[in-house]
Amino acid sequence: MRPIRSLVLLLLAAGALGATAASPAADRPFPETIALPDGFAPEGIAVGRGDTFYVGSIPTGAIYSGSLRTGEGSVLVPAAPGRQAIGLDVDARNRLFVAGGPTGDAYVYDGATGALIAEYELTDGATFVNDVVVTREGAYLTDSFNQVLYRIPIAPDGTLGATAETIPLTGDIAYTTGFNANGIDATPDGRWLVLVQSNTGLLFRVDPATGVAREIDLGGKTVTAGDGILLDGRTLYVVRNQQNRIAVVRLAPDLLSGRLVTHLTDPGFDVPTTIAEHGNRLYAVNARFGTPVTPDTEYWVTQLPKR
């Protein structure tokens, strides 16, 4: 029996060696830095199906898409005259919703092909449509100049509304000079929205049906220069762009109070604006505001672990 037992052990050992040899490729870390096209001038980032990510170009409206696993990608939506891309979000149907900044528009693209599904004129006045979050009932967009939210209705079967609605923001929030409502996110059930007011550094819980905003009490702390946000359970991440760091806030169950527990930073930060998540990783896009935009200006996405 010894020869047979030896053969079995030899085969098992060979299998183990094969698995060990294969594991480095399977377990290879996702790249910590993902290069974007030179001159792209990015702002928003979203993560869709699998490890697919999307980044928008502020001045051109182009959308770059790639793999978080490999760091490779290409332009999904080409640049178009008169379009801009600020905040992004992806829904369960793999539709990409894009806030159009000063254009006053919003765009919806197919996340796989880049085809334009719908375009909405939200306002024809002075505006900066800044960020967007999608729930089952609709896509909600912030306006940093006008004290309103915009809502693109979504029917139970996924059909998009023909026109967008305007919801006045009321309650505790009060707009002042500069950039006001900026980053926005939602609870998984869509019951509440959370947004940051950049110039005051205040956070708000908003009723999506009425637009009534209640301030989230941080015990006197603020998150000025707050840009994109990410709500992960009761942890809220707030990108503080010009400060090159991300605030980590632990929220109470009712989302009406919280505690600023720490800040995250990274040597790769150069004015990060928005973040997205994939597993236990955060991905921050670096807008590099203050750096001249030229065809050779480099841009990138920085990966860092959640805290």
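The values are calculated or read from the model by the stated rules, or taken from the named source; none is laboratory data. Since the structure is predicted, the reported quantities are computational estimates derived from the model, not experimental observations. Positions of Cβ are backbone-derived with ideal geometry, glycine not excepted, and every protein chain shown enters the neighbour counts.
Tabulated values for the structure
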quantity	calculated
Residue ID - surrounded by the most Cβ atoms within 10 Å (Cβ to Cβ), chosen from residues in region 149-191 that are polar (S, T, N, Q) and more than 21 Å from the chain's Cα centre (by Cα)	170
Region 265-299, residues that are surrounded by fewer than 20 Cβ atoms within 10 Å (Cβ to Cβ) and assigned to a strand (DSSP E or B)	277, 278, 281
Qualifying position, being farther than 22 Å from residue 172 by Cβ, free of Cβ contacts under 8 Å to residues at least 40 places away in the same chain and touching a Leu at 6+ places or on another chain (Cβ under 7 Å), among 307, 245	245
Given (1) over 17 Å from residue 31 (Cβ atoms); (2) of a type outside the set (Lys, Arg); (3) buried (at least 19 other Cβ atoms within 10 Å of the Cβ), number of the condition residue 262 does not satisfy	(3)
Qualifying strands (runs of 3 or more DSSP E) (wholly inside region 1-85; at least 2 residues being at pLDDT below 95, under 16 Å from the mean Cα position of the chain (by Cα) and outside the structural domain of residue 105 (by TED's automatic domain parsing))	none
Residue list for region 176-212, filter: in a strand (DSSP E or B) and polar (S, T, N, Q)	182, 197
Selected residue (only one of 74, 57, 65 is closer than 21 Å to residue 33 by Cβ, free of Cβ contacts under 8 Å to residues at least 24 places away in the same chain and among the polar types (S, T, N, Q))	74
Residue that is surrounded by the most Cβ atoms within 10 Å (Cβ to Cβ) [pool: residues in region 101-115 that are among the hydroxyl-bearing types (Ser, Thr, Tyr) and not in a strand (DSSP E or B)]	103
Residue 132 being crowded, with 23+ Cβ neighbours inside 10 Å, modelled with pLDDT of 95 or more, in a strand (DSSP E or B) and in the same structural domain as residue 210 (by TED's automatic domain parsing)	yes
Test: residue 258 is out of contact with any Pro (no Cβ under 7 Å at 6 or more places or on another chain), of a type in the set (Gly, Ala, Ser), touching a residue at least 24 places away in the same chain (Cβ under 8 Å) and in a strand (DSSP E or B)	yes
Filter pass, residue 142 being closer than 19 Å to residue 83 by Cβ and of a type outside the set (Phe, Trp, Tyr)	yes
Residue 254 surrounded by fewer than 16 Cβ atoms within 10 Å (Cβ to Cβ), farther than 15 Å from residue 181 by Cα and under 17 Å from the mean Cα position of the chain (by Cα)	no
Number of positions in region 148-175 that are without any contact (Cβ under 8 Å) to a residue 24 or more places away in the chain, outside any strand (DSSP E or B) and not aliphatic (A, V, I, L, M)	4
Filter result for the condition that a residue is touching a residue at least 12 places away in the same chain (Cβ under 8 Å) and crowded, with 22+ Cβ neighbours inside 10 Å, over 213, 225	213
Residue 152 being closer than 15 Å to residue 87 by Cβ and of a type outside the set (Ser, Thr, Tyr)	yes
Subset of region 116-129 (residues that are of a type in the set (Val, Ile, Thr), within 21 Å of residue 274 (Cβ to Cβ) and part of a strand (DSSP E or B))	129
